[in-house]
Amino acid sequence: MSKTEDLLIEIGTEELPPSSLKKLATAFQEELCSLLEEQNLVFSDASWFATPRRLAVIINQLQTSQEDKDQQRRGPALTAAFDDQGKPTRATEGFAKSCGVSVDQLEKLETDKGSWLVFNTQVKGKQTRELIPEMIETALKRLPIAKRMRWSNHDFEFVRPVKWILILFGKDDIDCEIMGVKSGNESYGHRFHQPGKLQIKKPDEYLTKLEKQGKVIADYVNRHSIILSQVNQLAEKNDGKAILNDDLLDEVTSLVEWPVCFLGEYDPDFLKLPKEVLIASLQDHQRYFPVADTDGNLLPYFICVANIESKKPELIKQGNERVLQPRLNDAAFFWERDIKHGLTKHIPSLKKVVYQKELGTLYDKSQRLIKILSFLSSTSNIDINKAKRAAELCLCDLLTEMVYEFPELQGTMGRYYAEADGEDNDIALALEEFYQPRFAGDELPNSALGQYLSISEKLDSLVGIFAIGKAPTGDKDPFGLRRSAIGVLRIIIECNLDIDLMELIEHCALNYPKKINATKHINDVYQFLIERLRRYYLDNGISPDTFESVLATNSSKPLDFHERLMAVEEFRKLDAAESLAAANKRIGNIIKKSGVQINNEINTKLLKEDPEINLAKSLQKYQNRILPLLDKRDYKTALTQLAGLREDVDNFFDNVLVMCDDQDLMNNRLALLNNLSALFLKVADISKLQG
């Protein structure tokens, strides 16, 4: 094996977008590693690094060259390689010429399938340093960049203009040009603390030199840990606890190269505002960490992460406090204005706000929600009057000044304003839960009214958007319908709601004007939800064949579907499962190949052999035992009980010829098997299980 060296690659840029920094850095490492593997270059491990102005990768113990490789080219078969006089044919001469040798330098290859002329040679491996520049360019082109940009008069594109390129292989830099920038062995330190060049002599000094001399902590994970530690220490020192948000932690880690945290203060009078408003002002708008006491009540402090170690930190503190003050003043102003106006007064204004041109206004949508909830109330325990009131009010907070300024507070402010207006507590809570789940893994509505209101809104949107031809395509989903679909399914399944999905979609479609023909898309919406259901279960570790076995039952109730699925999962653990699945598969094949119309009635007088008599008796016994369980949807017990048929089923197939010459006997045996299959199908099609 060839010798190895460490490889360091650093791409210096203008400030990279913080929301995608981590994703870009990890992708850069993955692409480089993949390209090295494609070139059969072995390395021990790789690490990625990232700051606002750089993406870097260190690949340890990388081969300095490819291994030499034996190569064999196969030429004409021996039977066609020489003529009757033993002279090489034109094909042989052409093959030898293409290999750059004479005919007598060719060798013979003999196998069981014949003999050929071959040319064996050794291809010398390329030097790794020769391959690196092209691999870097390829990796950069493959990065997941939503919008690329050009700069200067260049025709290449990247997420931000490239300022410097550092490539070190061992102690040697690799001389090349990437994106118009000549590479070298120089990096750059902190923009303010150490803006000059830093010469890196070997990869293993990269992190230390940047930190000690450049005031740059290039290790993203280490920087994240430092920020987290500083934030927590500052909060604890002031008898509080920082309210941590993973996305915010990632964002500030992506914004700084030399993190220095400090504690700021704001006027305690602002604590009269709803907690969520203050958190949104501090966290979402200013990128500060709020501080709360042990009971979760906010304290008049915030923690900011600066990108500089100032000689006068008090000035930075005062500057951030000064910036925050008008933001909180605005929030207080919006709160007071909205409270005075009230939520109910916004109902008429909903008529002026277009939801979608073809689907009407927000008011039209609220009226459709009333109809959907009225339909659902017939099979649920929700109070129809409360449901109608919640539907009337659920979109009103979108018109408030607070939600206009803080869109992320929609729903939450609806609850606060409803409470201030004296609305029923159930209604106020439903207005907040209306938007849940907002994202993958988010909490689900707790109240029944909130659950049904959320389902109604999401299904109304799904049906409407499909009807106007704007269903998701590929990776484009501007209306977030995939998220809505998963939300509907999660609420129904995880909150144990016995809802017929197809029936509810049909009702939603009927609420739309006939001119958009929403009923035409009922099946499209249903199939879209089924595909989301498939993804939901696959993501939760359910195998595809288990899902298909239940899908075959055409159950349109997600909760019922779930119960069947869990039953099949338990059934698969039984010793009898594999044998019975194979038997059901065999039954399906026999019935399909028989080509006869099967009568489900079994004639006991035509049962001649003991195995078929025993199976028929067992089948009758299990039907009597299983059907009451199915009525209670106790599918798990039903399948467990059905496993007891294994011995009789195995004996039947071992000793009874189904497709016999006696037509009546054959038809009766087919009827017996069809009844057996139908009993299993009342839970799932276990023939689809793969073992």
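Side notes on the structure shown:
- Karplus (6.51, -1.76, 1.60) ³J(HN,Hα), θ = phi - 60°, over region 178-186, in Hz, Gly and Pro reported as x: 10, 6, x, 10, 6, 7, x, 10, 10
- Rg/Rg_globular for region 348-541, with Rg_globular taken as 2.2 N^0.38 Å and Rg from C-alpha atoms: 0.97
- Plainly put, region 74-123 has a radius of gyration that is 0.96 times its Kirkwood radius, both from alpha-carbon atoms, as the Rg/Rh ratio.
- Amide H partners (placed H, <5 Å) of PHE82, local residues excluded: THR89
- Between region 149-176 and region 45-119, the Cα center-to-center distance that results, in Å: 35 Å
- With 0.36 nm allotted per residue and the present C-alpha distance subtracted, the VAL323-GLU15 stretch has 108.6 nm of extension available.
- Separation in nanometres of the label points that stand 7 Å from Cα toward Cβ, at ASP631 and GLU107: 8.0 nm
- When you count the other C-beta atoms within 10 angstrom of each residue and take the mean per peptide, 113-121, 178-186, 365-373, 468-476 line up highest first as 365-373, 178-186, 113-121, 468-476.
- Residues with amide H under 5 Å from that of CYS261, placed H, sequence gap 5 or more: ALA306
- Estimated from the Cβ-Cβ distance and a Förster radius of 51 angstrom, the FRET efficiency linking ASP475 and GLN85 is about 0.15.
- Taking each residue as 0.36 nm, the span from LYS97 to THR208 lengthens on full extension beyond its C-alpha to C-alpha distance by 34.3 nm.
- Surrounding net charge for VAL596, when Lys and Arg each add one and Asp and Glu each subtract one, Cβ distance under 12 Å: +2
- Pairwise FRET efficiency - GLN127 versus GLU30, Cβ, R0 = 30 Å, nearest 0.05: 0.80
- Cut-off under 5 Å, modelled amide H: who pairs with ASP6 long-range: GLN61, LEU62, GLY170
- 9 Å beta-carbon shell around SER187, net charge (K/R +1, D/E -1): +1
- Approximate spin-label separation VAL118-LYS237, in nm, with each point projected 7 Å along Cα-to-Cβ: 7.3 nm
- Highest-first arrangement of 102-112, 665-675, where packing means the average Cβ count within 10 Å: 665-675, 102-112
- Ignoring lysines fewer than eight residues from LYS476 along the same chain, the ones with Cα atoms less than 17 angstrom from its Cα are LYS147.
- 22 Å Cα-Cα threshold exceeded, pairs from LYS365/LYS458; LYS197/LYS317; LYS357/LYS470; LYS351/LYS388; LYS345/LYS458; LYS351/LYS515: LYS197/LYS317; LYS345/LYS458
- Note on LYS632: lysines with a C-alpha under 16 Å away, same-chain residues under 8 apart excluded, are LYS557, LYS682.
- Farthest toward positive dipole pole in region 329-487 [+1 Lys/Arg, -1 Asp/Glu at C-beta], among VAL353, ALA448, ALA428: VAL353
- Net dipole in debye of region 479-548 [+1 Lys, Arg Cβ; -1 Asp, Glu Cβ; about Cα centre; nearest 20]: 480 debye
- Going by neighbour counts of Cβ atoms within 10 Å, the residues TRP48, TRP164 line up, fewest first, as TRP164, TRP48.
- Inter-centroid distance (Cα atoms) of region 241-287 relative to region 652-681, Å: 71 Å
- With R₀ fixed at 51 Å, the C-beta to C-beta distance from GLN641 to ASN40 puts the FRET efficiency at about 0.35.
- Rg to Rh, two decimals, where the chain supplies the alpha carbon set and Rh follows Kirkwood: 1.09
- Local net charge near GLN527, Cβ-Cβ under 15 Å (Lys/Arg +1, Asp/Glu -1): +1
- The alpha carbons of region 288-414 occupy a box of 68, 35, 28 Å along the principal axes, longest dimension given first.
- A P(r) calculated from all alpha carbon pairs of region 25-113, with 5 Å bins opening at zero, reads 3, 11, 16, 12, 8, 6, 7, 8, 8, 8, 6, 4, 2, 1, 0, 0 percent.
- Overall form of region 565-688 per C-alpha gyration tensor (a/c, 1.5; a/b vs b/c): prolate
- Compared with the alpha-carbon gap, the fully stretched path from LEU510 to ASP498 is longer by 2.2 nm at 0.36 nm per residue.
- Within straight-line reach of LYS202, meaning a Cα separation under 18 Å, sit the following lysines at least 8 residues removed in sequence or on another chain: LYS3, LYS171, LYS212.
- For the chain, the relative contact order is 7 percent, taking Cα pairs closer than 8 Å that sit 6 or more residues apart in sequence and dividing their mean separation by the residue count.
Here, each number is a calculation from the coordinates, and none is a lab measurement. Everything quoted here is computed from the prediction, not taken from an experiment. Virtual Cβ from ideal backbone geometry, glycine too; neighbours counted across all protein chains shown.
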